[in-house]
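The values are calculated or read from the model by the stated rules, or taken from the named source; none is laboratory data. Computed from a prediction, not measured in an experiment: that's the story for all the values here. Positions of Cβ are backbone-derived with ideal geometry, glycine not excepted, and every protein chain shown enters the neighbour counts. Protein only, heavy atoms only, side chains kept; ligands, DNA and RNA dropped before computing areas. Shrake-Rupley method; radii C 1.70, N 1.55, O 1.52, S 1.80 Å.
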Amino acid sequence: MKAHEEIVNIKLNDTQMRENLSNAMHTLQKNRFKVIEDKFQDWQGLRNKAKQAKNNALMSLEERLVEFEKNATKNGIKVHWASSDEDACELIYEIMKQNNISKILKGKSMASEEIGLNHYLEKKGLKAIETDLGEVIIQLDGEVPVHIVVPAIHKNRYEIGKTFQEKLGAELESEPEKLNAIARKYLRDEFEGLKLGLSGVNFAMSREGAFWLIENEGNGRMCTTAPDIHIALCGIEKVMESFEDAATMVHLLTPSATGQFIPTYNNIITGPRKNGDLDGPKEVHIVLFDHHRSDMLAHKDYYEALRCIRCGACMNFCPVYDKIGGHSYQTIYPGPIGEVISPNLFGMDKTGDILNFCSLCGRCSEVCPVKIPLADLIRKLRCDKVGQGENPPFGANEHNKMEAFAFSSFANLATNGNKWRFSLSKGHYFNWFVQNFKGSLPVIKKWSAFKELPQIKKDLYKEVQNIEGVIYE
């Protein structure tokens with residue numbers, strides 16, 4: 001918790017980052033509202049359809065996975081299975097080792113961030129180079145993504161120009177066109193002689209044995225068609241039944257993510273290069289990995305978070321995220337969706353503290369295109385964190401006995417009318433104690449640093465009963 005407090009304080013005082021994020025988030029919000037209003041006749045109906053399609057796939061996930069493997073293999077795709085993050089990294093490493101490859105170029109993939117692929121390969125003496133512009137920027141700066149869709153959204157063009165000058169030896173520029181030109185030259189040099197490219201997967205279709213990639217820059221298409229070998233990394237929850245179901249998701253994803261009606265590039269991978277094809281990889285591999293997703297699927301509440309299509313809308317509208325930034329969460333998945341899936345994927349003991357980064361305003365639930373009740377799930381995870389929930393995620397913390405006693409005592413007062421009224425009327429007598437010992441009070445010491453107990457002189461209940469026309473029961 002102390003580490004989280006320190007980084008939050010640092011980010012709250014980073015006025016440039018907060019200004020960058022605020023401008024970006026408001027732009028994304030306006031873009032989303034406009035495209036929904038201008039281009040869609042039944043946005044809510046589309047959300048309901050997507051929710052149902054995703055639930056159908058999750059409830060038949062074993063069947064979907066078996067069907068996908070069968071049809072993908074028939075199409076010439078090599079299917080690999082990984083139960084953990086380390087298993088997934090090991091599979092990719094083995095493919096590189098077997099083909100004597102020391103460098104891979106990556107399209108944007110949050111799944112690769114989740115399993116820590118770059119660091120894993122680095123320890124093995126191999127290189128993983130990002131090609132998405134935002135990922136390139138943060139890789140050069142030695143950072144992790146601040147957002148799941150726009151990983152460098154916390155930086156402005158002047159900061160990016162300085163990074164390119166310091167890390168790439170380029171002239172100091174701030175115009176977007178010139179910055180893009182610098183990045184394009186750097187990446188084209190890397191793409192020359194590329195042997196292995198890696199991508200994520202937005203959606204996989206079990207009936208067709210294919211998978212769908214969405215992007216705006218074209219780098220993903222280079223990573224999947226230019227090299228001899230293409231590896232796709234896919235969480236098992238991304239597998240849906242049909243192309244039609246996946247198309248429904250795509251129609252929701254881009255408006256929710258960036259306010260576009262359609263993505264710039266849609267890449268549907270059906271297999272390796274065939275006889276007569278002029279381009280494409282000679283081998284296509286897909287790594288289907290679990291990493292505690294099966295545990296989430298088995299949970300009566302948290303399975304709903306597996307509907308996530310990684311659009312980032314919940315972050316774009318979160319009043320906490322744009323104040324503290326994604327790095328404050330100290331986990332790969334920040335924002336409201338990160339607060340739900342991170343404790344389930346990485347353990348409550350490692351990421352449970354981020355559950356405090358929520359005001360429970362409910363905006364995330366309101367804007368989620370696949371209707372994940374994020375605010376409700378965060379509230380349930382908070383119950384799990386303090387030992388009041390059922391079937392909590394793994395790594396649940398050892399609960400603070402003093403905290404449990406304090407809240408049970410508060411609940412006893414708050415649920416008894418006479419005790420509650422008496423406590424409110426006499427609470428100010430303890431104000432001297434609270435103000436003088438606030439640094440040592442358990443549970444409420446931080447609250448007491450900014451609060452004082454007021455003296456309530458009026459009986460609110462009697463006042464309400466005396467209002468004409470009010471029937472008080």
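List of remarks:
- With DNA, RNA and ligands ignored, accessible area of Ile92 (1.4 Å probe; Å², nearest 10): 0 Å²
- Ordering of 199-212, 423-436, 67-80 by burial proxy (mean other Cβ atoms within 10 Å per residue, highest first): 199-212, 67-80, 423-436
- MRE, 222 nm, helices only [DSSP H, n ≥ 4, -39500 (n - 2.57), over the chain, to nearest 500]: -15000 deg cm²/dmol
- Burial ranking of peptide ranges 308-316, 57-65 (average Cβ count within 10 Å, highest at the top): 308-316, 57-65
- Alpha-carbon centroid distance for the pair segment 370-433 / segment 106-144, whole angstrom: 40 Å
- Fraction of antiparallel bridges per DSSP, segment 144-281 only, in percent to nearest 5: 55 percent
- Rounded, prolate or oblate (a/c below 1.5 giving rounded, otherwise prolate when a/b exceeds b/c) for segment 59-99 by Cα gyration tensor: oblate
- Share antiparallel - DSSP beta bridges, the chain, percent rounded to 5: 25 percent
- Aspartates and glutamates with Cα under 20 Å of Lys70, excluding same-chain neighbours fewer than 8 positions away: Glu62, Glu208, Glu237, Glu241, Glu244, Asp245, Glu283, Asp290
- Amide H contacts under 5 Å for Lys78: Val284, His285, Ile286, restricted to partners 5 or more places along the chain or on a different chain, H placed in the peptide plane at 1.01 Å from N.
- Classified by the C-alpha gyration tensor, segment 55-156 has an oblate form. Its axis ratio a/c, with a ≥ b ≥ c, is 1.5 or above, and a/b does not exceed b/c.
- Order by protection proxy (mean Cβ within 10 Å, highest first), peptides 28-36, 221-229: 221-229, 28-36
- Of Lys108/Lys162; Lys51/Lys238; Lys49/Lys238, those spanning more than 18 Å from alpha-carbon to alpha-carbon: Lys108/Lys162
- Cα→Cβ-extended label distance, 7 Å offset, between Asp189 and His26, nm: 3.9 nm
- Of the GluC sites (Glu not before Pro) found in segment 355-419, those that fall in a DSSP loop while having at most 14 other beta-carbon atoms within 10 Å are Glu390, Glu398.
- Student exercise, the chain dipole from Lys, Arg, Asp, Glu Cβ charges, in Debye to nearest 20: 1000 debye
- Charge tally in the Cβ shell below 15 Å around Asn9, where Lys, Arg are +1 and Asp, Glu are -1, Asn9 excluded: +1
- Approximate spin-label separation Leu278-Asn156, in nm, with each point projected 7 Å along Cα-to-Cβ: 4.5 nm
- Rg of the Cα atoms in the chain, relative to 2.2 N^0.38 Å, amounts to 1.11.
- Bins of 10 Å, starting at 0 and running to the largest distance - Cα pair percent for segment 62-294: 7, 32, 37, 19, 4, 0
- Couplings 3J(HN,Hα) of segment 311-321, computed from phi: 8, x, 4, 4, 6, 4, 10, 6, x, 8, 4 Hz, in residue order, whole Hz [Karplus 6.51 cos²θ - 1.76 cosθ + 1.60, θ = phi - 60°; x for Gly and Pro].
- Overall form of segment 1-47 per C-alpha gyration tensor (a/c, 1.5; a/b vs b/c): oblate
- Heavy-atom surface of segment 276-321, accessible at 1.4 Å and reported per residue (Å²): 33 Å²
- Among the cysteines of the chain, those with no neighbouring cysteine Cβ under 4.7 Å are Cys89, Cys223, Cys234, Cys308, Cys311, Cys318, Cys358, Cys361, Cys368, Cys383.
- Placing a pseudo-label 7 Å from each Cα along the Cα-to-Cβ vector at Ile467 and Gln52 gives an inter-label distance of 4.3 nm.
- 3J(HN,Hα) along segment 21-28: 5, 4, 4, 5, 5, 5, 5, 5 Hz, from the Karplus curve 6.51 cos²θ - 1.76 cosθ + 1.60 with θ = phi - 60°, whole Hz, x for Gly and Pro.
- Percent carbon-and-sulfur accessible area, the chain, ignoring ligands, DNA and RNA, probe 1.4 Å: 51 percent
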